[in-house]
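Working notes, beginning with the structure itself.
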């Protein structure tokens, strides 16, 4: 089986003790048989503990919490994530009371927040970028900002919103400018109240090129933009049905084949399927979309 290894942090990759090189957003590939049960270690270069697992049949359908598996038509992609810190000692970053909730932000293996309020005691795992977050009241929720991102916590300790971006207005309504990381450099001005999205206004920085046309169409469909400008008149009449045709995909990935794009679908926790679609362009517009499976 063709296996792509990736990592959220720059890390050294070994398979059965054999060093294959470093991985991060750029993958390493190997031919592995799940029946062999190869031992995999993905060790960040400093500051974090390695993620260790066996590449076997069980991993493909039920990976551990620190591993995500993406099933593609050519094999599988395995991404290591949520690395624990080498220093397991507890370090309190800050303690404060916000909106009647007693908050402790600390690091112990990972960034965590404990919250005690009228609903009870809650423990929340946070991303590394919020290690030194500023904490604000946001109506009935809490707003955490730091490291180029933010999240909104409910009174019961659930993360209602987690995003990159810059908060531009706080209060009962939270407004933020969010980068969408797509091929056209879209950003969105978003508003949330009680953890629910109120408004979503798109802003594009550049026009698609021949190389990004297919990506732009699927990304527009994903983020709720109008896909009609990318379609021929005949296909634009069916633009409203495009989302239903494509299904509930959660992200878009490019391929090395012209006009072909991969769409990622969540099968279960930490397990995803990648389906491939091809577009045909006529006169500078997309005239047909077909499933490559």
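Here are the numbers for the structure shown:
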item: Over the chain, relative contact order from alpha-carbon pairs under 8 Å, at least 6 apart, %; result: 10
item: Normalised convex hull volume, segment 91-202, alpha-carbon set, Å³ per residue; result: 89
item: Estimated 222 nm signal from helices in the chain, with DSSP H stretches of n ≥ 4 weighted -39500 (n - 2.57), rounded to 500; result: -2000 deg cm²/dmol
item: Alpha-carbon Rg with Dmax, taken over segment 2-80, Å; result: 11.4, 35
item: Residue of 97, 119, 154 that the Gaussian network model of the chain assigns the largest fluctuation, springs spanning Cα pairs under 10 Å; result: 119
item: Projected label distance in nm at residue 168 and residue 45, using a 7 Å step from Cα toward the beta-carbon; result: 3.6
item: Gained length - residue 268 relative to residue 134, 0.36 nm times residue gap less alpha-carbon distance; result: 44.9 nm
item: Nitroxide proxy distance, nm - points 7 Å out along Cα→Cβ at residue 74 and residue 282; result: 3.0
item: Histogram of C-alpha separations across the chain, 10 Å bin width, %; result: 6, 22, 27, 27, 15, 3, 0
item: Rounded Å value of the spacing that divides the Cα centres of segment 124-138 and segment 257-288; result: 35
item: Segment residue 89-residue 36, length gained on full extension (0.36 nm per residue, minus Cα span); result: 15.4 nm
item: Fully extended contour minus Cα-Cα distance, from residue 58 to residue 290, at 0.36 nm per residue; result: 80.3 nm
item: Packing rank of 123-131, 79-87, 240-248, where each peptide gets the mean count of other beta carbons within 10 Å, highest leading; result: 79-87, 123-131, 240-248
item: Packing rank of 141-153, 65-77, 11-23, where each peptide gets the mean count of other beta carbons within 10 Å, highest leading; result: 141-153, 65-77, 11-23
item: Residues residue 212 and residue 160, FRET efficiency given R0 of 41 Å [Cβ-Cβ distance, rounded to 0.05]; result: 0.80
item: Using a Förster distance of 30 Å, the FRET efficiency for residue 175-residue 241 (Cβ separation, nearest 0.05); result: 0.40
item: P(r) weight above 20 Å for segment 180-293, C-alpha pairs, percent; result: 44
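Just so you know, all these numbers are worked out from the coordinates, no wet-lab data involved. None of the values given here were measured: they were computed from a predicted structure. In this analysis, Cβ positions are derived from the backbone assuming ideal geometry, glycine residues included, and neighbour counts consider all displayed protein chains.
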